[in-house]
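**Q** A single structure is presented below for examination.
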């Protein structure tokens, strides 16, 4: 399967213009390596929007969704580095959702991704329809590398130090559909077909919000271990 593990932490955020260069350097040189070093984390990826909002989308793959409630990870959330404290204070429009992987199909990683947030009034029927019909149809399209359906978990636990630094509660997503492709064009073409809002609503989706994002950086735990970088746990 294309995703590593059965848990995903999906994050959208904007950043104040005066802090964007600092954010880009911090995310690649400190933050993603730190997170991927936490026990149970398997890979982190960051994308930048072509037409989505907020500007940045990133997600972490983990062995299970329970990893995101683990003591080592919570310790990082409650003891941010000085660089983390400086950057996170400039975040805007943050959405952060712990997800279970409902279905994933494909192999490898695409350089572009369509990230769709949605809701449904019939979750079990929607999940079955997506697994049996929607995801296979998307995967069969030219240029599509992988497709994933994620189900968000309700936010639990108290406020962490990092949450307080962001200054307001994080938004969450009920369901997330991710479509990875070799370029932007295959995804844009699907917006008039299988990924059209009318088609998604016919499949049982509601409140559809989408964005097209380009990959900027990815790091797996295997790569981190080979580099000899100390873990964060």
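The values are calculated or read from the model by the stated rules, or taken from the named source; none is laboratory data. Everything numeric here is computed off the predicted structure, so don't read it as measured data. In this analysis, Cβ positions are derived from the backbone assuming ideal geometry, glycine residues included, and neighbour counts consider all displayed protein chains.
**Q** Give the residues of region 117-139 that are under 14 Å from residue 204 (Cβ atoms), surrounded by fewer than 21 Cβ atoms within 10 Å (Cβ to Cβ) and touching a strand residue (DSSP E or B) at 6+ places or on another chain (Cβ under 8 Å), sorted by residue number.
**A** 119, 121, 123, 127, 131
**Q** Which residues, counting only those in region 189-215, are touching a strand residue (DSSP E or B) at 6+ places or on another chain (Cβ under 7 Å) and more than 21 Å from residue 129 (Cβ to Cβ)?
**A** 211, 212, 213, 214, 215
**Q** Would you please name the residue that is farthest from residue 26 (Cα to Cα), looking only at residues in region 87-109 that are out of contact with any helix residue (DSSP H, G or I) (no Cβ under 7 Å at 6 or more places or on another chain) and modelled with pLDDT of 95 or more?
**A** That would be 104.
**Q** For a quick check of your reading of the model, give me the residue pairs whose first member lies in region 13-37 and is over 18 Å from residue 215 (Cβ atoms), whose second is modelled with pLDDT under 95, with beta-carbon atoms closer than 6 Å and at least 6 apart or on different chains.
**A** Final answer for the pair search is 34/232; 37/231; 37/232.
**Q** If you go through region 220-230 one residue at a time, do you hit one that is more than 19 Å from the chain's Cα centre (by Cα), in contact (Cβ under 8 Å) with a residue 24 or more places away in the chain and either more than 17 Å from residue 59 (Cα to Cα) or surrounded by fewer than 18 Cβ atoms within 10 Å (Cβ to Cβ) (or both)?
**A** Checking region 220-230: at least one residue is more than 19 Å from the chain's Cα centre (by Cα), in contact (Cβ under 8 Å) with a residue 24 or more places away in the chain and either more than 17 Å from residue 59 (Cα to Cα) or surrounded by fewer than 18 Cβ atoms within 10 Å (Cβ to Cβ) (or both).
**Q** Right, next: Regarding region 191-205, can at least one residue be identified that is in a strand (DSSP E or B) and over 26 Å from residue 41 (Cβ atoms)?
**A** There is no residue in region 191-205 that is in a strand (DSSP E or B) and over 26 Å from residue 41 (Cβ atoms).
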